[in-house]
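Encoded as structure tokens, the structure appears first; notes follow it.
The values are calculated or read from the model by the stated rules, or taken from the named source; none is laboratory data. For clarity, every value in this text was computed on a predicted model and none was experimentally measured. FYI the Cβ positions are ideal-geometry reconstructions off the backbone, even for glycines, and counts take in every protein chain you see. To get the accessible areas, we keep the full protein, side chains included, count just its heavy atoms, and leave off ligands, DNA and RNA. Shrake-Rupley method; radii C 1.70, N 1.55, O 1.52, S 1.80 Å.
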Amino acid sequence: FSDDSSRHGVGTARAAADGSTAAQVVNLDIRRRIATVPLGGMPHLGSGITFDWNGKRVLATTNLKDGVVTVIDTGTWKTVKEIRTPGAGFFLRSHENTPYAWVDAMMSPARDTMMVIDKRTLEPVRTLRPEPGRTVAHVEFTRNGRYALVSLWENDGALIVYDAVTLQEVKRLPMRKPVGKYNVGNKLARSEGTSH
């Protein structure tokens, strides 16, 4: 993961011999580690997002082992909050035009849930279950942030379109195990709700 300035790279490796995991923060200008952030399970930093919270720039990331989103202050590289989720998640996304971050729990028995977190309070506001017992995953936003696109990741699945303000389902487009719907526009614009 690269922070907004692209001056810092954040990476992890599989657990050490003692079972511990941590993210290493490397300052790319001076080419050395400047911080270690303890994490309970290896995160999928490729889905990490950054946003402003209480006057600080923070990084939020999922956890492939535990049901938690870790929020880290990118000024101090200290954890500011751990947000409990229904289960271990893979993908976290948001957009600068929405106050919400969306996280799946596809790596757990709660794979049929999508939790919505308020970025202003770092508190969950809703847990969506569009198809009980079936995997929902890999949320992505439209370029203007108006809609959240959620994969019903099944062979007889769908792309579920949600209104990013009301959190209501707008439409379903039937698809076979949809995944990988990355928004190139958001990546190129360096949207704060996508990873870099």
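Altogether, the Stokes-Einstein calculation at 10 °C and 1.306 mPa s, with the Kirkwood radius of region 25-67 over Cα pairs as Rh, returns a diffusion coefficient of 132 µm²/s. Ordered from longest to shortest, the equivalent ellipsoid semi-axes for region 37-194 are 24, 18, 13 Å, each the square root of 5 times a Cα gyration tensor eigenvalue. In terms of Cα atoms, the Rg and Dmax of region 50-95 work out to 10.7, 30 Å. Counting only residues at least eight positions apart within a chain, or on another chain, the aspartates and glutamates with an alpha carbon under 18 Å from that of LYS177 are ASP104, ASP112, GLU131, GLU140, GLU154, ASP156.
Given a cut-off of under 8 Å on Cα pairs at least six residues apart, what relative contact order in percent is computed for region 69-167?
On the way: 226 pairs, mean separation 18.9, N = 99.
So the answer I get is 19 percent.
Accessible area per residue for the chain is 47 Å², calculated with a 1.4 Å probe on protein heavy atoms, without ligands, DNA or RNA. Considering only MET114, ASN63, PHE51, and ranking their Cα positions along the charge dipole of region 1-141 that arises from unit charges at the beta-carbon of Lys, Arg, Asp and Glu, the one farthest toward the positive end is ASN63.
Mind running the shape call on region 34-125? Use the C-alpha gyration tensor, a ≥ b ≥ c as the square roots of the eigenvalues: rounded below 1.5 for a/c, prolate if a/b tops b/c, oblate otherwise.
On the way: a/c = 1.97, a/b = 1.22, b/c = 1.61.
Here region 34-125 falls in the oblate category.
Rounded to the nearest 20 debye, what is the charge dipole size of the chain about its Cα centre when +1 sits on each Lys and Arg Cβ and -1 on each Asp and Glu Cβ? Show your work: numbers first, answer last.
Numbers: 27 positive and 20 negative charges, 66 e Å.
It works out to roughly 320 debye.
How large, in percent, is the carbon and sulfur part of the accessible surface of the chain at a probe radius of 1.4 Å?
Working: 4710 of 9160 Å².
The value for the chain is 51 percent carbon and sulfur by accessible area.
Over region 1-127, what is the relative contact order in whole percent, taking alpha-carbon pairs under 8 Å and six or more residues apart? All intermediate terms of the calculation are to be shown ahead of the outcome.
Numbers: 317 pairs, mean separation 18.9, N = 127.
Reported relative contact order: 15 percent.
The calculated 222 nm mean residue ellipticity attributable to helices in the chain amounts to -500 deg cm²/dmol, summing -39500 (n - 2.57) over DSSP H runs of n ≥ 4 and dividing by all residues.
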